[in-house]
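Here the structure is laid out as structure tokens; the discussion comes afterwards.
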Amino acid sequence: MNGTGERIISADSHVVLEHDTVKQHLASRYHDAYDEGVAAFLAATRGPATETVARFNMKGWDRAGHFDAAAHVTDMDVDGVDAEVVYCEVSAFRYLYQLGDAMEPATRAFNDALAAYGSVAPDRLVVTYQIPVHDVPMAVREVERLAAAGAKSLQLPVFPAELGAPDYFDPVYDPLWSTIVDTGLPICCHTGLNTSLNEVGRRDPTPQRGIIVPMMAMAAAEAFGMWIMGGVFERHPGLRVVFVEPGLGWVAWWLQFADHMVTKQDYDFPAITELPSHYFHRNISLTFIEEPESVQLLRHTLGVENLLWSSDYPHPPSTWPHSLDSIDAQFAGIPGEERRLMTCDNATRVWSL
């Protein structure tokens, strides 16, 4: 708890996990397959989206805590943040599925490396473990293994079809959803690279591909639709899904529009029996950094209990090291109980902290 007596939890912070660190947890006989998978992934995904991230990287994600857990905790102390939900910069589920027989041991190694990072301060660094979805029985085994070891957070690809896997409404995933519900763990979908935007990126005239950056967040509308209109939450009402960095304001419009489609009976959605907003409010949470207008004006439309503040440490938009000042500014005039929900209590509930 910080010096103000207020407990603050960031729902989205970051760590860089080096591939050599992963291989320290992987039997040497799988190293060549791992390296070949990484190289093939990098060769296949070069494009404006990855160039955008590279340019931002050059602008200085240079905090030692981005790599070192002890330094990360020190920076949290500077920032007045008690705990952070941590996501790896490397989306391993984008290449692990291509490793053949090495996929399962490499997945375990990747997550074990994340666990080692979090072990420096397990009550403060809540690491999010990555689950490849191409082999559902394997995914089930990994979720069960992680849950037994005390994991609190799971990360899945936002767009499985982008990786050649079925969309999440496909019944092939039902055993995975049932297992995750049984564990009580949340699924986290972190907005980021979306290779379907590469063509837009090629036409983007701005130096840091600034046109596609907000488009990446708004692409979450596709994922909302697949989870909600596809009937996943209808069949598995206990699932909890956190969308990380999707933006807030446009989501209020999306909910209104989606409900209107159902209410006016202009469209058929045979997989659901309730309005889309019903499933959203019951099953989905959103993180945000600094969106004062949305927080002030739209928090009740989106649901105060559905919103999770984050510092986004140590990315360029991060509020570090002035997170408390940022929180005070954007929550000005908001009742204290609502502020506590968005800066602490919602995260405590979602991740069972």
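Below are the figures for this structure:
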| quantity | calculated |
| --- | --- |
| Residue in the stretch 269-280 that is surrounded by 15 or more Cβ atoms within 10 Å (Cβ to Cβ), among the hydroxyl-bearing types (Ser, Thr, Tyr), over 20 Å from the mean Cα position of the chain (by Cα) and outside any strand (DSSP E or B) present | yes |
| Some residue of the stretch 197-207 being in contact with a helix residue (DSSP H, G or I) (Cβ under 6 Å, 6 or more places away or on another chain), in contact (Cβ under 8 Å) with a residue 40 or more places away in the chain, over 22 Å from Tyr87 (Cα atoms) and among the polar types (S, T, N, Q) | yes |
| Residue within the stretch 13-24 that is closer than 26 Å to Gly164 by Cβ, modelled with pLDDT under 95 and in contact with a strand residue (DSSP E or B) (Cβ under 8 Å, 6 or more places away or on another chain) present | yes |
| Filter pass, Val295 being in contact (Cβ under 8 Å) with a residue 24 or more places away in the chain, buried (at least 18 other Cβ atoms within 10 Å of the Cβ) and not in a helix (DSSP H, G or I) | no |
| Complete set of residues in the stretch 157-187 that are touching a Phe, Trp or Tyr at 6+ places or on another chain (Cβ under 7 Å), closer than 17 Å to Ile228 by Cβ and not in a helix (DSSP H, G or I) | Tyr168, Pro186 |
| Residue list for the stretch 153-168, restricted to those being crowded, with 19+ Cβ neighbours inside 10 Å and farther than 15 Å from Ser196 by Cβ | Ser153, Leu154, Gln155, Leu156, Tyr168 |
| Residue selected from the stretch 114-152 under the condition among the β-branched types (Val, Ile, Thr) and in contact with a Cys (Cβ under 9 Å, 6 or more places away or on another chain), by the criterion farthest from Asp68 (Cα to Cα) | Thr128 |
| Test: Pro122 is assigned to a loop (DSSP other than H, G, I, E, B), crowded, with 21+ Cβ neighbours inside 10 Å and either at positive phi or not aromatic (Phe, Trp, Tyr) (or both) | no |
| Val262 touching a Pro at 6+ places or on another chain (Cβ under 7 Å) and surrounded by fewer than 21 Cβ atoms within 10 Å (Cβ to Cβ) | yes |
| Breaking point among (1) touching a Ser or Thr at 6+ places or on another chain (Cβ under 8 Å); (2) assigned to a loop (DSSP other than H, G, I, E, B); (3) at pLDDT 95 or above, for Pro237 | (1) |
| Matching residues, the stretch 88-119, being farther than 13 Å from His25 by Cβ and part of a loop (DSSP other than H, G, I, E, B) | Glu89, Val90, Ser91, Tyr95, Leu99 |
| Unmet requirement for Leu286, which otherwise passes all of (1) under 23 Å from Tyr87 (Cα atoms); (2) out of contact with any Lys or Arg (no Cβ under 9 Å at 6 or more places or on another chain); (3) free of Cβ contacts under 8 Å to residues at least 60 places away in the same chain; (4) part of a helix (DSSP H, G or I) | (4) |
| Residue in the stretch 330-346 that is surrounded by the most Cβ atoms within 10 Å (Cβ to Cβ), counting only those that are closer than 13 Å to Val304 by Cβ and hydrophobic (A, V, I, L, M, F, W, C) | Met342 |
| Residue list for the stretch 238-274, filter: within 28 Å of Val181 (Cβ to Cβ) and of a type in the set (Lys, Arg) | Arg240 |
| Residue check, Val143 in contact (Cβ under 8 Å) with a residue 12 or more places away in the chain and under 25 Å from Arg240 (Cβ atoms) | yes |
| Candidates Ile327, Ile289, filtered to the one that is within 23 Å of Pro186 (Cα to Cα) and either touching a Ser or Thr at 6+ places or on another chain (Cβ under 7 Å) or surrounded by 19 or more Cβ atoms within 10 Å (Cβ to Cβ) (or both) | Ile289 |
| Hits in the stretch 198-214 (condition: under 21 Å from Pro316 (Cβ atoms), charged (D, E, K, R) and modelled with pLDDT of 90 or more) | Asp204 |
| Filtered residues of the stretch 193-218 (kept if surrounded by fewer than 18 Cβ atoms within 10 Å (Cβ to Cβ), under 19 Å from the mean Cα position of the chain (by Cα) and not β-branched (Val, Ile, Thr)) | Ser196, Pro214, Met215, Met218 |
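The values are calculated or read from the model by the stated rules, or taken from the named source; none is laboratory data. All figures in this text were calculated on a predicted structure; none of them were measured in a lab. For neighbour counting, all protein chains shown are included, and Cβ atoms are generated from backbone atoms with ideal geometry for every residue, glycine included.
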